[in-house]
Amino acid sequence: MKQLAIIVSWAAAVFACLFLLAPLVVIAAASFSPTPVFDLPTGGASLRWYSRIGTLDGFWPALWLSVEIAVLSTLISLVVGTLAAIAITRGKLPGSEILAAALVSPLMMPGLVLGIGLLQYYRSVGFTASWSGLLLAHLVITLPYVARTMIAGLSRFDFTLIEAGLTLGCTWPQSIVRVMIPALAPSFLIASLFSFLASFDNYPVSIFLTDVRTKTLPIKMLQYIEEAPDPTIAALSTIILAGTVALLLIADRAVGLSRMAGTAE
Amino acid sequence: MTAPDAGLHLSISNVSKRFGATTVLEDIHLGMAKGELVTLLGPSGCGKTTLLRVVAGLTHPDTGRVELAGRDITRAPPYKRNVGVVFQSYALFPHLDVAGNVGFGLKLRGLPKADIASAVHRALSLVHLERYADRPIRALSGGQQQRVALARAIAVEPSVILFDEALSALDRKLREAMQSELRHLLTQIGATAIFVTHDQEEALTMSDRVAVMYKGRIDQLADPRTLYDQPATAFALSFVGQSLSLKGKVVSSDADGSVVETSAGPLRVPRRFLRGSSVIVATRPEHVTLTAGDNTLTGTVVGATFQGSRSLVEIDAAGTRLTAEMPGRCTLPERGETVIFSWPLSETLSFSGEEHA
Amino acid sequence: MTEAMPAPPKLSDPERRTAFLLSLPAAMILLIMFILPLGLLLGVSFTGPEGFSLAAYQRLLTTPHYLSVIWNSLKLALVTTALTFLIGYPASFAIARARGGWRSLMLGCLFLPLAASVIVKAFAWTILLRSDGIINSTLMLLGIIDEPVRMIFTQTALIVGSANVFLPFMILPIFAVVAQLDPRLGEAAAMLGANPAVAFLKVTLPVTMPGIIAGVALVFSLSVSAYVVPTLLIGERYPTLAATIAKAYLLTQQPAFGAAAGVVLLSIAIAVVILSSRFGRSSGGLS
């Protein structure tokens, strides 16, 4: 009976890993397809789809927009979310638990509903700037990830580290820059990673807030897939995947995956 | 010790501090000579940590004056005081390795790299961790982290080193070993240090003088021997070492002392009290013998335990439980036996009842 | 003392004022960009041509077509949750018990797909499941089937894709709880005379309940509002609430109706949060 349980759990784990990796392997393989019909590159690999990525209609502006929005919303959320997390974890704020729950709550709410809510809202207040509208919306997407990670990180942070810095000769600002920020670096890294990816991949909110000139990469990609799904899209997907792998490797080096599993779903 | 003394290395005078409606420090005076080791001893909430933070500059007093090495530092921020602090949590920087932690203060002082390296090495060899310089903090045991925190504090050659319950996180055996080692090390480098602890054994082992603190005041400031033999208050008596005490009323008083009527019988004390005032009479367990003497009482033995070098006899004297300490080899009385016991007048301590905790 | 009363935040206290100021920007973003828009949406959903109206809800909750749309969303979420739980629960035990390299490898297998774009993953499944796709060609090559089996744009494709996308969200919360369990817990129960099945039901299941609740709540609330996966893997054949909302806003321009559908979806999500926190509390366990 005990043996059976172990076998079942290992079988499930191996299956889960293969099942989860399958689409990623397939997309990478298909990107080297020698023909336009997603053949596995058994005969010979081709890199021609990669050279075509740049020729996709509207690709560069979409990529730039997505990176820009993801980076900016992550930076703003890091500042805003960390300040709030300090207020919450230092326990001097009445109702800090409610604020903590509220800050994380957009994670559990359907993005699509937030998207139409913001669309209605922008319309009703006459706000038409789509770039800044998109950035503001992405703050709501990224803030919960930052808040959750930083609340977890700061609740483990020993604030006497700052006092130790002071007694060793740091001024207050030096204590923040040379002690607090580096000591919290792992949390900042995890928060940035999740926040960046959440914004960069977002579709359900962005779709309602873009116009013809401001389309993010996920919107463009879905459009390419629906219009003409050829291996160029697989090549593009593979590059995005490779970037994701690189980010994860950096995070693993700096923090360790086990710790990430503890602080983030 | 009322006015700041020019010859003192550290001088705290008239320091008071309130947090809202609570007074945490009330008119504190404390002077320390260079190279002296002083412990602030007391229960939690007595203000000892606040006093330490006042010296470190992490808390500012409402009134009073703090002078260190001839300089008024009352309003100086921590980074301009040249104090070293060993925190209870050690507060080691997790993003730096051992050498990075120890050299942190020196780097801020803008020392050349070579000087920092040699100072770090010197500090680490004092705590026997010179081989651990490249280790990350999380790879160290609790005892090793404690040593790194100490090395970090002494590396900057501070005018005074402050220890905030610095040994309390260690297990008992390690703590006892660290106590004597730390004292030896501090004497060796001629450091002036203040320890904060609630552990009386630590206080007696580590310090030249102990300040017993209670409710924001220093009850008594004395060397360990005096503190034990002549506690100034009933609180100092109860907090340091074992004691037996009885409450009573003064029935007569003359030039040599007073007679106090307690529930167990009359007792003589070598101190004058007003007739009718309530007094606590006490002694140390090792002064008690099972014979008649100056202050003799009768009681029933409720328990006797052999502990090797000594034996403890618990006696019920008219409802008050008293513990007497006997030499280990003596014949112990039986449980339920009625015994006569006494202690000499010279070892009789007395305190005014009003000041009792 | 009068201070025993729960007083309103006294901003005169400098530490409280600092904490208040620190949390202000985040609270403002939350209020202006999250709570107000959702409140406005609620208002819009009750708006008809002549002011207040229940028409949108009436249409949504009485038309058989839209009732089946709501059911479609719930069914997708239920099946996805059940499937990911069946795989994820036993799997998280193996991952938690694994040591060193194996554990890192398996956690990597969870994090990479989690971090990968949903669109990329859904697109990959369209490649895998197409009639001329890899699964069909492999099966034909092996002689198991003679002609391609239709897989893409079926409910099977939807479920497989959805389970694939949301499986990490089930495993990670359960893993986080299981990894902190004392492995001797089961042995202790066995020594007390419980047989393995009883030990599992009486010990393992209850102590892992907080992780299960978190995983189930997360997967359910994510999959009930999934948009990209159904769009790419089944499309118009399986209309969901999410698709209905998108259509109402992007194509047919019926904001009140779309808003009402959004409110229904939001209510489901809120119900999941409330239920999970209630069960989470009563199950106690490790928090």
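The values are calculated or read from the model by the stated rules, or taken from the named source; none is laboratory data. This structure is a prediction, so every number in the text was calculated from the model and none was measured. In this analysis, Cβ positions are derived from the backbone assuming ideal geometry, glycine residues included, and neighbour counts consider all displayed protein chains.
Structure data summary
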item: Any hit, region B:161-171, residues being among the acidic types (D, E) and in contact (Cβ under 8 Å) with a residue 40 or more places away in the chain; result: yes
item: Qualifying position, being within 10 Å of another protein chain (Cβ to nearest Cβ) and touching a residue at least 60 places away in the same chain (Cβ under 8 Å), among A:A70, A:A30; result: A:A30
item: Residue that is polar (S, T, N, Q), in contact with a Phe, Trp or Tyr (Cβ under 9 Å, 6 or more places away or on another chain) and not assigned by TED's automatic domain parsing to the domain that holds B:L52, where the choices are B:T283, B:T300; result: B:T283
item: Only listed residue being in contact with a Ser or Thr (Cβ under 8 Å, 6 or more places away or on another chain), within 11 Å of chain A (Cβ to nearest Cβ) and of a type in the set (S, T, Y), chosen from C:T240, C:T231, C:T244; result: C:T240
item: Answer from C:A115, C:A124, C:A94 - the residue that is at the interface with chain A (Cβ under 10 Å from one of its Cβ atoms), more than 25 Å from C:V228 (Cα to Cα), buried (at least 20 other Cβ atoms within 10 Å of the Cβ) and out of contact with any Cys (no Cβ under 7 Å at 6 or more places or on another chain); result: C:A94
item: Selected residue [touching a residue at least 12 places away in the same chain (Cβ under 8 Å), in a helix (DSSP H, G or I), under 23 Å from the mean Cα position of the chain (by Cα) and more than 10 Å from chain A (Cβ to nearest Cβ)] from C:L107, C:L83, C:L67; result: C:L83
item: Subset of region A:220-238 (residues that are among the hydrophobic types (A, V, I, L, M, F, W, C) and either facing chain C (nearest Cβ under 9 Å) or in contact (Cβ under 8 Å) with a residue 40 or more places away in the chain (or both)); result: A:M221, A:L222, A:I225, A:I233, A:A234, A:A235, A:L236
item: Of the criteria (1) surrounded by 12 or more Cβ atoms within 10 Å (Cβ to Cβ); (2) out of contact with any Leu (no Cβ under 7 Å at 6 or more places or on another chain); (3) under 30 Å from A:G91 (Cα atoms), which one C:A27 fails; result: (2)
item: Filtered residue count, region A:29-62, keeping only those that are touching a Ser or Thr at 6+ places or on another chain (Cβ under 9 Å) and modelled with pLDDT of 90 or more; result: 2
item: Yes/no for C:S276 being assigned to a helix (DSSP H, G or I), touching a residue at least 12 places away in the same chain (Cβ under 8 Å) and polar (S, T, N, Q); result: yes
item: Flag if A:I76 is within 8 Å of another protein chain (Cβ to nearest Cβ), in contact with a helix residue (DSSP H, G or I) (Cβ under 9 Å, 6 or more places away or on another chain), in contact (Cβ under 8 Å) with a residue 12 or more places away in the chain and hydrophobic (A, V, I, L, M, F, W, C); result: no
item: Residue match in region A:219-233 (condition: closer than 30 Å to B:E157 by Cα and among the polar types (S, T, N, Q)); result: no
item: Residues located in region C:230-243, provided they are in a helix (DSSP H, G or I), surrounded by fewer than 22 Cβ atoms within 10 Å (Cβ to Cβ) and in contact (Cβ under 8 Å) with a residue 12 or more places away in the chain; result: C:T231, C:G235, C:R237
item: In region A:88-121, the residues that are closer than 19 Å to C:D13 by Cα and in contact (Cβ under 8 Å) with a residue 12 or more places away in the chain; result: A:I88, A:T89, A:R90
item: Counted residues, region B:219-255 - those being part of a loop (DSSP other than H, G, I, E, B), within 24 Å of B:G31 (Cα to Cα) and among the aliphatic types (A, V, I, L, M); result: 2
item: Hits in region B:129-158 - residues which are small (G, A, S) and more than 17 Å from B:F87 (Cα to Cα); result: B:A133, B:A139
item: Conditions (1) closer than 18 Å to A:S33 by Cβ; (2) surrounded by fewer than 24 Cβ atoms within 10 Å (Cβ to Cβ); (3) within 23 Å of the chain's Cα centre (by Cα): number failed by C:G133; result: (3)
item: Subset of region B:206-246 [of a type in the set (S, T, Y) and closer than 23 Å to B:A317 by Cβ]; result: B:S238, B:S243, B:S245
item: Residues that are surrounded by fewer than 24 Cβ atoms within 10 Å (Cβ to Cβ), free of Cβ contacts under 8 Å to residues at least 60 places away in the same chain and small (G, A, S), drawn from region C:244-273; result: C:A246, C:A248, C:S267, C:A269, C:A271
item: Residue list for region B:184-202, filter: under 15 Å from B:I218 (Cα atoms) and crowded, with 20+ Cβ neighbours inside 10 Å; result: B:I194, B:F195, B:V196, B:T197
item: Those residues of region A:131-168 which are among the polar types (S, T, N, Q) and surrounded by 23 or more Cβ atoms within 10 Å (Cβ to Cβ), in sequence order; result: A:T142, A:T149, A:T167
